[in-house]
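Below is one structure; the comments refer to it alone.
The values are calculated or read from the model by the stated rules, or taken from the named source; none is laboratory data. Because the structure is predicted, anything quoted here is derived from the model rather than measured. Note that we place each Cβ from the backbone using ideal geometry, even for glycine, and neighbour counts take in every protein chain shown. Quick note on the areas: whole protein, heavy atoms, side chains included, nothing else; ligands and nucleic acids left out. Shrake-Rupley method; radii C 1.70, N 1.55, O 1.52, S 1.80 Å.
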Amino acid sequence: MNKKTTLLLHISLAFGIVFILSGIVLLLASYASSENVSFSISSIVLLALGAVSLFLSLAITRRTFFLYLGLNLCFGGILSIILSFSLFNLTFHKIWPIGMIFSGVTLFPCGYFSFHKCKKSYIFPSVVLTLLGLLFSLFSFDVITESFSKIVTLWWPIALIVLGSVLITVFVIQKKNQASFPFINDDEELDYYVGSGDEL
């Protein structure tokens, strides 16, 4: 591919990212009342940094880290805009677990982006972050009316039982397979979650 074609593709990608983010922002603005439409500096910075990270990941580095960072920065910027526009009567206290869910959900496809196959090193933290986000959402959106601290105080021994069961299950499965712990190989390939597409 010659330099001219590559440049045109990069320009197309840059405009595509800008258009998508602009469309989302304008769509949110259309739902806000005119007096509430004000952009905070934090939301603009988050969206700008997210767009740059996405461009670097897709066009230049092809690194999982930049793709994951870009998606989460953009999502953080969108959440910041929702709060500054006072949309859907949401507050930071209610909305923050959604960011955790998004971080968990995007971790898996970001790993697949670089290696074109499922990686255990991405699946485990992805599931954990998603489940934690869902759990905290039950409290932030008042699905569970009891306070989180009270629930933890009363039921924390169950967490120990569950954790112990998981550890024993991992031991039994690993002992049966007689293989290296699966996360070690993945971590070496991913270079601590900053892998590149060169390993395809």
If I go through segment 92-124 residue by residue, how many of them are closer than 17 Å to Arg63 by Cα and open to solvent by 70 Å² or more (accessible area, probe 1.4 Å)? 5
Hey, does segment 30-40 have a residue that's of a type in the set (D, E, K, R) and under 18 Å from the mean Cα position of the chain (by Cα)? no
Report whether or not Thr153 is loosely packed, with under 10 Cβ neighbours inside 10 Å, more than 26 Å from the chain's Cα centre (by Cα), farther than 30 Å from Ile60 by Cα and at pLDDT 55 or above. yes
Among the listed residues Leu28, Leu54, which satisfies the condition of being of a type in the set (A, V, I, L, M, F, W, C) and within 29 Å of Val128 (Cα to Cα)? Leu54
Answer from Asn72, Asn89 - the residue that is open to solvent by 70 Å² or more (accessible area, probe 1.4 Å) and under 19 Å from Ser137 (Cβ atoms): Asn89
From Ser126, Ser149, which residue is among the hydroxyl-bearing types (Ser, Thr, Tyr) and out of contact with any helix residue (DSSP H, G or I) (no Cβ under 9 Å at 6 or more places or on another chain)? Ser149
Only one residue in Lys120, Lys94 is touching a residue at least 24 places away in the same chain (Cβ under 8 Å) and more than 25 Å from Leu26 (Cα to Cα), so which one is that? Lys120
Extreme residue, modelled with the lowest pLDDT, among residues of segment 126-150 that are part of a helix (DSSP H, G or I) and open to solvent by 80 Å² or more (accessible area, probe 1.4 Å): Phe148
